[in-house]
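Here the structure is laid out as structure tokens; the discussion comes afterwards.
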Amino acid sequence: MNLIDTTSALAEACERLGAQPFVTVDTEFMRETTYYPKLCLIQMAGPDGEGVLVDPLAPGLDLKPFLDLMAREDTVKVFHSARQDLEIIYLLGGELPHPFFDTQVAAMVCGYGDSVSYEQLVNDLARAKIDKSSRFTDWSRRPLSDAQLAYALSDVTHLVKVYEALASELLETDRGAWLDEEMGVLISPETYRADPAQAWRRLSGRMRKPREIAVLMEVAAWREREAQGRNVPRGRILKDEAVIDVATSCPRSVEALGRLRSIPSGFERSRTGADILAAVERGATRDTAGIPLPERGRARSGGNGALVELLKVLLKAVCENERVAPKIVATVDDLEALADDDAADVPVLSGWRRALFGEKALALKHGRMALSAEGGRVVVRTLS
């Protein structure tokens, strides 16, 4: 379990792994004190049994061979719950691995539940156990312990069998296209571009006043730029609660800013306080005509609340029968929209989701299908 710490050794390992039909990949990183994740370890394994551990913190190590492997079109890159790993790779090289396979998404398509853990998949499909005692250790400290290295390597070696089992099941059930559609967000570069201009959206909550949102947009964007520039967590610049307080109260003076309970004493007279007030001023004087207000939640009308509950039961029954996770087929918002409108613009009314569930949902809504309980199970029946 020696760590690769030279560019030449990394290039040789990546060349060997690149000759395989697929390579499993995982990373260990830390971001408790930074805005961007700090890559501390790279793990890879191939179907031939080779496992590789790479030390990205080694002096002089160039990760280009690893990034080149991630871009090879003749080798599938396999991850589990890949979003944060993909973010790291995108930040390193500006490209995302391709072709790509996420076993967590595949497990949902294959009916292993909405959020099955990696440990459970390894237990069920690889018939192995993972010792997670090293999971939350400090991966930036050197030397890494034997326990850390063993844990890290096991994550990718067991993933080989998990991938092979899921890939085989997808082939048997002809659900490969379902998986490709679900991974669309993961393989989009937009997913990993932290645009300060969009930072306000995760904080907007129930705000409905255009002026509040205008101030929120400016303050949240300022905080995001500061966090990125200083490479520190957003909360180190200004906590979420304080950003929201500033947006709703719109302080236009040092004194007004200092009166907010979420602003630390004396903070208002610092350079950061001045920056906040400048952001507030930009938002307060902004033309609100083009402010993108958050969408209001859909209001259930008439007796649709009960209908939505019936659709939930139908969804669960269909997904149990078809062995697919409900979360990947339809959301509650989808069901509410469908209850209101037969032609709602929601994923469940198009493609494979419509064939699997959407048509049955419309039939239930219009009395052409019924639900009953038999032998402790919900049965879906077509009415004549």
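Some observations on this one:
- Within the stretch 95-118, if we keep just the residues that are open to solvent by 40 Å² or more (accessible area, probe 1.4 Å) and of a type in the set (D, E, K, R), the residue that is nearest to ALA330 (Cα to Cα) turns out to be ASP114.
- Some residue of the stretch 304-315 being open to solvent by 20 Å² or more (accessible area, probe 1.4 Å) and within 22 Å of VAL105 (Cα to Cα): yes
- In summary, VAL116 fulfils each of the numbered conditions (1) more than 21 Å from ASN321 (Cα to Cα); (2) out of contact with any Lys or Arg (no Cβ under 8 Å at 6 or more places or on another chain) with the single exception of condition (1).
- For ILE244, the conditions (1) over 16 Å from LEU203 (Cα atoms); (2) open to solvent by 50 Å² or more (accessible area, probe 1.4 Å); (3) aliphatic (A, V, I, L, M) all hold with the exception of (1).
- If you go through the stretch 157-196 and keep only what is open to solvent by 50 Å² or more (accessible area, probe 1.4 Å) and more than 16 Å from the chain's Cα centre (by Cα), you end up with THR157, LYS161, GLU164, SER168, LEU171, GLU172, THR173, ASP174, ALA177, ASP195.
- Just one of the listed residues (GLU226, GLU241, GLU190) is part of a helix (DSSP H, G or I) and touching a helix residue (DSSP H, G or I) at 6+ places or on another chain (Cβ under 8 Å), namely GLU226.
- Within the option set ASP333, ASP287, ASP345, ASP340, being open to solvent by 60 Å² or more (accessible area, probe 1.4 Å), out of contact with any Gly (no Cβ under 8 Å at 6 or more places or on another chain), more than 30 Å from TRP178 (Cβ to Cβ) and of a type in the set (Asp, Glu) holds for one residue only, ASP287.
- So GLY18, is it at positive phi and over 21 Å from the mean Cα position of the chain (by Cα): no
- Any hit, the stretch 233-240, residues being open to solvent by less than 20 Å² (accessible area, probe 1.4 Å), under 25 Å from the mean Cα position of the chain (by Cα), over 16 Å from THR33 (Cα atoms) and modelled with pLDDT of 95 or more: no
- Test result for GLY273, open to solvent by 60 Å² or more (accessible area, probe 1.4 Å), modelled with pLDDT of 95 or more and not acidic (Asp, Glu): no
- Options ARG206, ARG252, ARG230, ARG225: the member that is modelled with pLDDT under 95 and open to solvent by 20 Å² or more (accessible area, probe 1.4 Å): ARG206
- Any hit, the stretch 125-137, residues being assigned to a loop (DSSP other than H, G, I, E, B), more than 17 Å from ASP102 (Cβ to Cβ), in contact (Cβ under 8 Å) with a residue 40 or more places away in the chain and of a type in the set (Phe, Trp, Tyr): no
- Of ALA344, ALA361, ALA317, all but one fail to be within 30 Å of ALA199 (Cα to Cα) and either of a type in the set (Gly, Ala, Ser) or modelled with pLDDT of 90 or more (or both); the exception is ALA344.
- Residue within the stretch 200-211 that is touching a residue at least 24 places away in the same chain (Cβ under 8 Å), closer than 30 Å to PRO251 by Cβ, assigned to a loop (DSSP other than H, G, I, E, B) and within 24 Å of the chain's Cα centre (by Cα) present: yes
The values are calculated or read from the model by the stated rules, or taken from the named source; none is laboratory data. These numbers were taken from a predicted model, which means no experiment stands behind them. A quick note on method: Cβ atoms are made from the backbone with ideal geometry, for glycine too, and the neighbour counts reach across all protein chains shown. Side chains included, ligands, DNA and RNA excluded: accessible areas come from the protein's heavy atoms. Shrake-Rupley method; radii C 1.70, N 1.55, O 1.52, S 1.80 Å.
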